[in-house]
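No lab work stands behind these numbers, since they all come straight from the coordinates. All figures in this text were calculated on a predicted structure; none of them were measured in a lab. Neighbour counts run over all protein chains shown; Cβ positions are idealised from the backbone, glycine included.
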Amino acid sequence: VSNIIFQNLEDFLPLLYSNGTRPRSLVISSQVVLQNGLDLISAALQLNPITINFTTSLSQSDSSPRCAFWNFSDPVGSGGWSLGGVTTDSVTTEGNNTFVQCTSTHLTSFAVLVDVAGSPPGGLALQIVSYIGIGISLFCLLLTILFFLSFGKKLFSAVHNFIHLNLAIALFLGYLTFAVGIELATDDKGSCQAVTALLHYFFLASFCWMLCEGIMLYLM
């Protein structure tokens with residue numbers, strides 16, 4: 001059995017899983033250990049997995065350390081990180097160091113991957129400004145909708161008022177979908193697709209009503 005430790009190999013490997021997916025904010029937090037063994041040893045590891053210990057430094061914004069290995073047999077590109085056959089047993093912190101213990105049923109190239117949970121610089125301020133702006137827009141659009149609805153049956157006698165009402169409703173629903181669904185759709189593929197479809201529909205409807213309003217202004 002041969003063991004080779006690379007100090008900076010992680011800088012040259014892409015942050016991809018072997019199935020081609022790219023995790024959200026995935027970084028490599030430790031040295032990569034390359035271990036190769038005979039087929040007989042690999043078969044024995046199925047019954048008695050090998051234990052690997054990593055020592056790394058994690059900041060407070062890092063979370064969920066996971067043991068992984070580099071899957072060279074992946075048909076896409078030169079391979080990718082995979083969690084198959086590798087288990088993260090324990091994560092302990094002492095001072096500035098974090099100790100991660102892994103077990104594996106094969107001898108390949110191992111590393112510890114962590115998710116960055118912190119926000120990028122200025123991200124919180126941008127999020128606050130965005131929600132304040134969306135809140136003001138929703139309030140003004142709601143007042144606009146109520147104003148046009150107060151016309152009652154007279155609304156349909158003027159085509160431009162009807163266009164203004166539908167434009168306001170489309171924008172209101174689009175901003176509301178963005179404010180409510182943009183955070184809820186980050187971890188679920190189905191909800192992400194639903195929010196994306198609704199945003200495309202409402203803002204496309206807004207552009208269509210803007211086109212109608214421009215045609216009406218031209219005809220008048």
(message) What does the net charge come to around Ala197 if you take all other residues with beta carbon closer than 15 Å to its beta carbon, with K and R at +1 and D and E at -1?
(response) 0
(request) Can you figure out the FRET efficiency of Thr196 with Ser130, using R₀ = 25 Å and their beta-carbon distance, to the nearest 0.05? (result) 0.90
(request) Grab the beta carbon distance between Leu143 and Val180, set R0 = 22 Å, and tell me the FRET efficiency rounded to 0.05. (result) 0.65
(request) Please list the non-local residues whose amide H lies under 5 Å from the amide H of Asp89, H modeled 1.01 Å from N, same-chain partners needing a gap of 5 or more. (result) Gln101, Cys102, Thr103
(request) Return the sequence-ordered ³J(HN,Hα) values of region 101-113 in whole Hz as given by the Karplus equation 6.51 cos²θ - 1.76 cosθ + 1.60 applied to θ = phi - 60°, using x for Gly and Pro. (result) 10, 10, 10, 9, 9, 8, 10, 9, 9, 10, 7, 10, 10
(message) Quick query: amide H of Thr108 versus all other amide H atoms, modeled in the peptide plane; which residues come in under 5 Å with a sequence gap of 5 or more or a different chain?
(response) Gln35
(request) Go ahead and run the numbers for FRET between Tyr218 and Ser64, Cβ-Cβ distance against an R0 of 41 Å, rounding to 0.05. (result) 0.10
